[in-house]
1. Could you run the Karplus curve 6.51 cos²θ - 1.76 cosθ + 1.60 with θ = phi - 60° over the range 44-57 and give me ³J(HN,Hα) per residue in whole Hz, x for Gly and Pro?
2. Just to check I understand the Karplus step: with θ = phi - 60° and J = 6.51 cos²θ - 1.76 cosθ + 1.60, what whole-Hz values come out for the range 16-21, glycine and proline as x?
3. Sequence-distant or interchain residues sharing an amide H contact under 5 Å with PHE46, placed H: which?
4. Rank by packing, highest mean first: peptides 51-59, 27-35, with packing defined as the count of other Cβ atoms within 10 Å averaged across residues.
5. Which FRET efficiency, nearest 0.05, do ASP11 and LEU49 yield, Cβ-Cβ r, R0 22 Å?
6. Lysine pairs, Cα distance under 26 Å, 8 or more residues apart or cross-chain: how many in the chain?
7. Assuming a ≥ b ≥ c are the square roots of the Cα gyration tensor eigenvalues, decide whether the range 23-70 counts as rounded (a/c under 1.5), prolate (otherwise, with a/b larger than b/c) or oblate.
8. In whole percent, what relative contact order does the chain give with Cα contacts below 8 Å and a gap of six or more residues?
Amino acid sequence: GQQIARRLGGDMRVVVFVPPDKHLTREEAAFRRSIRKLAEKVEAAFEELPLPARRKLPGTLVNYAVRHNVTRIVLGHSKQSRWQEFWRGSIVGGVLRKT
């Protein structure tokens, strides 16, 4: 993401979604801190957005991108199996449909 932003002469934003009222485990909190540190290191804006339901993530992300004039969305690799993607839906597929 950083290389794409630099090549295009744009800003970089790192967005993470946090379910409201969910207490993070130590591992999740450590991972969030590491993402925030990495964002600071590459001079990216870091934002946490509330996510009431997983199925709303693609629409929430696309709406965020539209509001902030984002031209590229770079998504991390999913930990879901193919079966889970089939059953719960693919976040990447949802983002592609919404865009």
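A short reminder: the numbers here are calculations on the coordinates, not readings from a lab. If you're wondering where the values come from, they're calculated on a predicted model, not measured in any experiment. Here the Cβ positions follow ideal geometry from the backbone for every residue, glycine too, while neighbour counts run over all protein chains shown.
1. With the stated coefficients, the range 44-57 comes to 9, 6, 10, 9, 10, 10, x, 9, x, 8, 4, 5, 8, 4 Hz.
2. 10, 10, 10, x, x, 6
3. VAL14
4. Sorting 51-59, 27-35 by mean packing, highest first, produces 51-59, 27-35.
5. Efficiency, from the Cβ-Cβ distance: 0.80.
6. 8
7. oblate
8. 30 percent
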